[in-house]
1. Only one of Arg191, Arg181, Arg208 is charged (D, E, K, R) and in contact with a Ser or Thr (Cβ under 9 Å, 6 or more places away or on another chain). Can you tell me which?
2. For a quick check of your reading of the model, give me the residue pairs whose first member lies in the range 111-122 and is more than 17 Å from Phe293 (Cα to Cα) and of a type outside the set (Ser, Thr, Tyr), whose second is in a loop (DSSP other than H, G, I, E, B) and modelled with pLDDT of 90 or more, with beta-carbon atoms closer than 7 Å and at least 6 apart or on different chains.
3. Taking interchain pairs and intrachain pairs at least six residues apart, which have beta carbon atoms under 9 angstrom, with the first residue in the range 65-83 and exposed (fewer than 11 other Cβ atoms within 10 Å of the Cβ) and the second among the hydroxyl-bearing types (Ser, Thr, Tyr)?
4. Those residues that are in a strand (DSSP E or B) and either under 18 Å from Ser229 (Cβ atoms) or polar (S, T, N, Q) (or both), I need them from the range 159-187; list them, please.
5. Pick from the range 145-158 the residues that are surrounded by 24 or more Cβ atoms within 10 Å (Cβ to Cβ) and not in a loop (DSSP other than H, G, I, E, B): which of them is farthest from the chain's Cα centre (by Cα)?
6. List pairs: first residue in the range 157-176 and touching a residue at least 40 places away in the same chain (Cβ under 8 Å), second residue surrounded by fewer than 22 Cβ atoms within 10 Å (Cβ to Cβ) and of a type in the set (A, V, I, L, M, F, W, C) anywhere in the structure, Cβ distance under 6 angstrom, at least six positions apart or on different chains.
7. State the number of residues belonging to the range 100-144 that are polar (S, T, N, Q), surrounded by fewer than 23 Cβ atoms within 10 Å (Cβ to Cβ) and assigned to a loop (DSSP other than H, G, I, E, B).
8. Please pick out the residue among Gly245, Gly226, Gly320, Gly282 that is more than 30 Å from Thr57 (Cβ to Cβ) and either at pLDDT 95 or above or not hydroxyl-bearing (Ser, Thr, Tyr) (or both).
Amino acid sequence: MLKNFARKLPSFANKRNFTTDQFKVLDLEKSHFPLVATVFGATGFTGRYIVQALARTGVQVVVPYRGEDWTFRDLKVLGDIGQIIPVRYDIRNEESIERAISHSNIVINLAGRNYDTRNFSLQDINVDAAERIARISQNVDRYIYVSALNASEDASSEFARTKALGEKVSRKHNPKATIVRPSIIFGDEDRFINKWSKVSQNWPFIPRFNSEHKIQPLHCSDFAKGILSTIENPQAVAKTCEFAGDETFTWDQFLDMIIEGTAQYDRLNLPVSTEFMKMVAGPMEQFSRDPNFIVDEIDYHNQDLVVVPKKDVLTLKDFGVKATPIQEKLIRLSRMYRPSKFFNAIANPQNK
């Protein structure tokens, strides 16, 4: 997919001076990788799909990571020998960021949080780190910043506000940056289908809030295709892209699908207010490392998360990407949460 784009750029070996201490696996003068991409946030949920998609097109991928070495092990097998290059970094250390992008033609910033942790706040990751990476990456050929749908400085959600500020600082330091705003992303190990399936399995009731608000869930593989399209197509330079699924659902319709997928037909459907859910989410966020519900996320979801056609805003359709229907994936993703008697059954409440 990226072959035509690769021909337009200087060769990988000629473009930058390489140090053998950073890239020991390859003879860089004879490297067969025409492009190099650094993917911040590669060890996260969507990052692995981006790395795999890039590797399949012959791009060498630099994977900045923090923490233990096992965090990148699953990424190493996504490419050829020497194609996936892990580099330890600290998001607050500019020298380590420079080292991670020093040989790259492409930089993709997927790093982000939707709630504060003990080590990083939303401001730290979504704004300060975004500014740092964009400033250091201002001379690369393609810079892509992944934001969020409905990001706005006036939003009630701090997540949406900080993502909007991240867009602002990215464009400030790199006017040719491509901003990508994805909708809710689902897939293996997501915090969408899996989260609600766990709730249906473990809770005696299904909390129904924001029921009439609309969503357009996007599969992780389609998100990766969209990111690759923004790299390949010159029309995406300095543009904003909004990626979402083709189908629109209300939250009530989605939760009905979750009940079908998990076959948890005996759960009580309990309508609750967003304020009540915030009261429930507060202690979870404080005392759990992996909370089911987050106060700010409830605020963020208290709106329609759909792509509305706008002038100069590109969508997946502009790149010829057809989104995967959620029904094709939901049963496989939610089956593990079923009672044993329904595990192999076709979900149908009349046959319970």
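1. Within the list Arg191, Arg181, Arg208, the selection yields Arg181.
2. Sorted first by the residue in the range 111-122, then by its partner, the pairs are Ala111/Gly41; Ala111/Ile91; Gly112/Gly41.
3. Once the first residue is exposed (fewer than 11 other Cβ atoms within 10 Å of the Cβ) and sits in the range 65-83, its partners that are among the hydroxyl-bearing types (Ser, Thr, Tyr) give Gly67/Thr43.
4. Thr178, Ile179, Val180, Arg181, Pro182, Ile185 - these are the residues of the range 159-187 that are in a strand (DSSP E or B) and either under 18 Å from Ser229 (Cβ atoms) or polar (S, T, N, Q) (or both).
5. Of everything passing the filter in the range 145-158, Tyr145 is farthest from the chain's Cα centre (by Cα).
6. Thr162/Val127; Gly166/Val127; Lys176/Val237; Lys176/Ala238
7. Summing the residues that are polar (S, T, N, Q), surrounded by fewer than 23 Cβ atoms within 10 Å (Cβ to Cβ) and assigned to a loop (DSSP other than H, G, I, E, B) in the range 100-144 gives 7.
8. Only one candidate passes the filter, namely Gly282.
The values are calculated or read from the model by the stated rules, or taken from the named source; none is laboratory data. As the structure is a prediction and not an experimental result, all values here were calculated from the model. For neighbour counting, all protein chains shown are included, and Cβ atoms are generated from backbone atoms with ideal geometry for every residue, glycine included.
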